[in-house]
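The values are calculated or read from the model by the stated rules, or taken from the named source; none is laboratory data. No experiment lies behind these values; they were computed from the predicted model shown. All Cβ positions, even for glycine, are placed from backbone atoms using ideal geometry, and neighbour counts span all protein chains on display. Please note that ligands, DNA and RNA were not included when accessible areas were found on the heavy atoms of the full protein model with its side chains. Shrake-Rupley method; radii C 1.70, N 1.55, O 1.52, S 1.80 Å.
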Amino acid sequence: MKSETPHPVCEEQTFKFLFEKHATELHDFLYYKYGADNNPGDLVQEAFIKLWNNCKKVSMDRARSFLFTVANNQMLNTISRRKTVLNYQKEPHQMGSSESPEFVLEEKEYMNRLQSALESLSEDQRVTFLLNRVEGKKHKEIADLLGISRKAVEKRIYTALSILKSKVEGIK
C-alpha cells in the first residue's frame, strides 16, 4: 500500500485513456438528447476539465458516471437559462397591450431578480432544484442520478427555495 502513488485518474495516460474511451460517447449522448444547437462538444470539454480538476476525488470506476452527470447537469443549466430568457421574451407579446407599463416594468424586474437568484445558487443547489422543478424529477430519481442521498436532495432544494425567495422578494 503506497500512499505516495498518485490517484489513477490524475495520471496523464489514464486521463487520456478516459478521454479517448468516453468523449465520443458523451458527445453523442448530449447531441442526441439535446441537439447540436446546445454545443455538446463544448460541454464534453468542460466535463473533462471538471474531471481533471477533481481527479483526486473521482475513482476510476466512477469517472464515466461523473462525466455524464457533469455534462448533463451543465446542459440542463444552459437549457434552463435559455428557457427563462425565451419565456420572458414571449410573455409581453402574449399579453399584448392590455397590461399597464408599470406591470410590465415590475414583471421585467422580477424576472431579472429571478434569473440573478438562480445564478447565485451553488451549482449543486441549482442542478438539484432545476432537475426537480424544471425536469419534474422526484427526489429519489435525483438522488440516484447525482449519487447522493435523498436527504441531501431535500436539503439542496429547501436551501435553494429559501435563497430564491429571499433574493426574489428582496428579503435579506
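Listed by first and then second residue, the pairs with beta-carbon distance under 6 Å, at least 6 apart or on different chains, first residue in region 72-83 and at pLDDT below 85, second outside any helix (DSSP H, G or I) and surrounded by fewer than 16 Cβ atoms within 10 Å (Cβ to Cβ), are Ser80/Val134. So which residues in region 153-172 are part of a helix (DSSP H, G or I) and touching a residue at least 24 places away in the same chain (Cβ under 8 Å), if there are any at all? Val153, Arg156, Ile157, Thr159, Ala160, Leu161, Ile163, Leu164, Lys167, Val168 - these are the residues of region 153-172 that are part of a helix (DSSP H, G or I) and touching a residue at least 24 places away in the same chain (Cβ under 8 Å). Pro6 falls short on exactly one of the conditions (1) at pLDDT 90 or above; (2) not in a helix (DSSP H, G or I), and that condition is (1). Taking the condition of being open to solvent by 20 Å² or more (accessible area, probe 1.4 Å) and either under 30 Å from Met111 (Cβ atoms) or part of a helix (DSSP H, G or I) (or both), how many residues in region 44-82 meet it? Adding up the residues that qualify gives 19. In summary, Gln125 fulfils each of the numbered conditions (1) open to solvent by less than 60 Å² (accessible area, probe 1.4 Å); (2) at pLDDT below 85; (3) over 21 Å from Leu30 (Cα atoms) with the single exception of condition (2).
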